[in-house]
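What follows is a set of notes on a single structure, which appears directly below.
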Amino acid sequence: MIKIKAKIKLFEGVDKRQTAFTNGYRPLFKFIEETMTSGQISLINQEQFSPGEEGIVEIAFLNKELLGDDFRIGKRFNFYESEEPLGEGEILEIQ
């Protein structure tokens, strides 16, 4: 298992998520083109994360191989519930 601390933004608007998510949310993450992997978001000092919000969270991944060779601090990524991106983020710390 690998954990990161990341700054994320949850997009808002038409065809985007309309409700907040809570601790333990498991969207798909894309670090490599054509490959997505599941990760679990742990909220830091908040109960929910709402559309349009930006904040720092911890994310845990089970399989490091699906995160790519370029997995590093400063790496930007998107996260998804389906084909359209739900939000974006940047790695701040690899734990």
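Is there a quick way to get the dipole size of the chain? I mean about its Cα centre, with the Cβ of Lys and Arg at +1 and of Asp and Glu at -1; what is the value in debye to the nearest 20?
Result for the chain is approximately 320 debye, rounded to the nearest 20.
Grab the beta carbon distance between Glu54 and Glu34, set R0 = 22 Å, and tell me the FRET efficiency rounded to 0.05.
E(calc), rounded to 0.05, equals 0.20.
Quick one: grab the alpha carbon gyration tensor of segment 1-79, order the square roots of its eigenvalues as a ≥ b ≥ c, and give me rounded if a/c is under 1.5, else prolate or oblate depending on whether a/b is larger than b/c.
In terms of gyration-tensor shape, prolate.
So, for segment 1-87, what is the accessible surface per residue at a probe of 1.4 Å, expressed in square angstrom?
60
With a 1.4 Å probe and all protein chains left in place, how much of the accessible area of the chain comes from carbon and sulfur atoms, in whole percent? List each step's numbers first, then the result.
Values: 2470 of 5650 Å².
Here carbon and sulfur together make up 44 percent of the probe-accessible area.
Kindly count the pairs of lysines across the chain whose alpha carbons are less than 23 Å apart, treating pairs on different chains or eight or more residues apart as eligible.
Count of close lysine pairs: 17.
The values are calculated or read from the model by the stated rules, or taken from the named source; none is laboratory data. Bear in mind that the values here come from a model prediction, so they are computed numbers and not experimental data. Methodologically, a virtual Cβ is constructed for each residue, glycine included, from the backbone with ideal geometry; neighbour enumeration extends over all protein chains shown. What goes into the accessible areas is simple: the full protein's heavy atoms, side chains included, and nothing from ligands, DNA or RNA. Shrake-Rupley method; radii C 1.70, N 1.55, O 1.52, S 1.80 Å.
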